[in-house]
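The values are calculated or read from the model by the stated rules, or taken from the named source; none is laboratory data. All values reported here derive from a predicted model rather than from experimental measurement. Methodologically, a virtual Cβ is constructed for each residue, glycine included, from the backbone with ideal geometry; neighbour enumeration extends over all protein chains shown.
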């Protein structure tokens, strides 16, 4: 399952909030690292979405259709 950009951004916000409100150092560090990991995942999701949109636009421009266009991933 591929995660959406919105899902990743929500996780970033959750972990940053947890880190900001946590009193234990180790939990705060883990939350910050988790937020960084989710940020990297969000970057990948954004790139994937851009490639998908470019492919759809290219196919529309050239008049080629595919089941890929209708698949919601």
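For this structure, a couple of remarks:
- Filter result for residue 37 (touching a residue at least 24 places away in the same chain (Cβ under 8 Å), at negative phi and under 17 Å from the mean Cα position of the chain (by Cα)): no
- Test result for residue 28, at pLDDT below 95, in a helix (DSSP H, G or I) and surrounded by 14 or more Cβ atoms within 10 Å (Cβ to Cβ): no
- Odd one out for residue 3, checked against (1) assigned to a helix (DSSP H, G or I); (2) at pLDDT below 95: (1)
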